[in-house]
Every structure is written in C-alpha cells, then in structure tokens.
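In what follows, a single structure is set out as structure tokens and then discussed.
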Amino acid sequence: MNDEISNRFLHCAPIRIDAINFAMEYDNPAERLLTLIRTCKEYPIEQSCLNTWHKVLKTENNLPLLMSRLGKVMELPQITVQALQDNFPGRTPTWRHWSTQINNAFMQQNFQSQWNSFIGHIDEHSVNYLQMSSDLLQSKSTTTLLENSELDAIRKQLLDIYEQTLVAEIDTEVKAYLLRYFRKLISCIEEYTLIGALPILEAIESMCGHTLVDKKYKSFLTDEELGRKILDCISSMGNLITVAVGIPQLAHGILQLAA
C-alpha cells in the first residue's frame, strides 16, 4: 500500500511548473487587483484610511497582518504589468495610466487621514483601463475564480483537521510539519484574492512530496485514520484548486493519492 501511494506521488512530480510562468499562464493578477479596487470604491471617502484598509483586507485591527497583506496588494500592479509584457510583447503599454495612478495612490495615502487620501487618486479611467488589462490576460488564461463559499468550505475543513492534529498523539516531527503547512494553507486561502492559487498549489505539492523524504510522515498518512483523513482533505482541496486554474492532470494525480 505504501509503495503504491508513493508511486502515485511520484507521478505528480513532473507536473511542477516554474512559479513565474505558472502565474502568468494560469493566474490573472489584473483581475485580483480590479476586484480589490472595486471593493475599495465602495467605502465612503471620509472614513479613516487605516480603518478602511482593515475592513478591505479583513485584518481585524491586526496591524502587522495588515502591513503584510497591504504589501501583497502593492505588488499586484507590477506583477500585472510584467504579465502583460510577457504575454503581449510589442503592444502599446495601455497599463501606464492605471499603474501610475494606483502606485501614486499607495505613495500618497495617509493612514491617519481619510480614505480619500488613497482612493481619490484612482479615477474611473484607471478602472476602465485596468479592466482592459484584465480582459487581455484572461484571453490567455484558463483560470476561473473560486467562489467565497468554496473558499470558506475549504478553510473550515482545514481548521477542523488542524484542531484534530493539534491534540493527536503522533510523532512530534510529523505533527510539527503538518501544523506548519496547515497554517500556511489557511493563510493562503484567506489571502487568495490577493495572491491567487499558486501558493496554495505549492503548499499542497510540498505536503505530497514530503512523503518521498520522510518515511514516518508517509506511514502516518497511509496507515493512520487521521492521516488518511488528512490525505482525503489534501486530495479534495487539490481537486478544487487545480480544476479552477485549469490543470486537470494535476487534479487527477492528487485525487489518486487517496485511492
């Protein structure tokens, strides 16, 4: 049984894709940025800039978490521009207006002032041009965005497995590894609208591939009831994520692990 599952993990190994190429081929950072900007537009301009960011990024007044997530938001314009340059070389740089305005908004915002210190810099032309950039990248993409209900279901399942693992009497090193990656997966799911699907896939791939170098870990996943439950969780999550980003081969490979 262990050898059979190990072989199935090996079948997944060649699917590894360079992170940058994957993000540009399957993911759409412009759509993530556009969705975020539209959400930002919904808040009154006279509200506190700091408090509004907490609401937009769902950080519940956790300032370090806010700074971390805001940094990921600030990366999206450059990631989008790079994706456009790579996929449409030679095309007139239609992103100049929206990227300039959005970057200026980040530079000029004042956390101690009103929300308008940020959102006031992003005009409707910026939104329209960003929509064009999103449409261009989507024409090269096979990805579909996961619904909030799907993400909530995954997160709930992971939290349940995390709590069970936390109190389980299992090998200390195996437990530490699993808890670390469960926390990483939960964080990636919570930040899906900012970072896309790639980090989730990378975490799943790491959890699968670790069986090849850790016999105790592989034995736990295949021989213990909790381990098999974890494997089922990883498999169902891998299926959902990989189908969403258009890689059915990887979804099929992960699903076989629990067979």
Problem - Check on Pro44, modelled with pLDDT under 95, outside the structural domain of Ile200 (by TED's automatic domain parsing) and outside any helix (DSSP H, G or I) - result: no
Exercise for the section: Considering every residue within segment 24-33, establish whether at least one is assigned to a helix (DSSP H, G or I) and surrounded by fewer than 18 Cβ atoms within 10 Å (Cβ to Cβ). Expected result: no
Practice task
Filter segment 153-172 down to residues that are under 17 Å from Asp223 (Cα atoms) and acidic (Asp, Glu) and give me whichever is surrounded by the most Cβ atoms within 10 Å (Cβ to Cβ).
Solution key: Asp171
Exercise for the section: Starting from residues that are of a type in the set (Phe, Trp, Tyr) and within 18 Å of Trp53 (Cβ to Cβ), keep the ones in segment 64-120 and report whichever is nearest to the chain's Cα centre (by Cα). Expected result: Phe106
Problem - Residues located in segment 67-80, provided they are in contact with a helix residue (DSSP H, G or I) (Cβ under 6 Å, 6 or more places away or on another chain) and either without any contact (Cβ under 8 Å) to a residue 60 or more places away in the chain or charged (D, E, K, R) (or both) - result: Arg69, Lys72, Met74, Pro77, Ile79, Thr80
Fill in the blank from the handout: Within segment 119-151, residues modelled with pLDDT of 90 or more, among the charged types (D, E, K, R) and part of a helix (DSSP H, G or I) come out as Glu124, Asp135
Exercise for the section: Check Asn110, Asn62 and return the single one that is of a type outside the set (A, V, I, L, M, F, W, C), touching a residue at least 40 places away in the same chain (Cβ under 8 Å) and farther than 21 Å from Ala30 by Cβ. Expected result: Asn110
Practice task
Identify the residue in segment 199-218 that is touching a residue at least 40 places away in the same chain (Cβ under 8 Å) and of a type in the set (Lys, Arg) and, among all such residues, is surrounded by the fewest Cβ atoms within 10 Å (Cβ to Cβ).
Solution key: Lys216
Problem - The listed residue being modelled with pLDDT under 90 and outside the structural domain of Thr59 (by TED's automatic domain parsing), out of Thr165, Thr193, Thr172 - result: Thr193
Exercise for the section: Those residues that are outside any helix (DSSP H, G or I) and farther than 18 Å from Thr242 by Cα, I need them from segment 152-208; list them, please. Expected result: Ala168, Glu169, Ile170, Asp171
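The values are calculated or read from the model by the stated rules, or taken from the named source; none is laboratory data. Because the structure is a prediction, the values reported are computed rather than measured. Because the Cβ atoms are built from the backbone with ideal geometry, glycine has one as well, and the counts that use them run over all protein chains shown.
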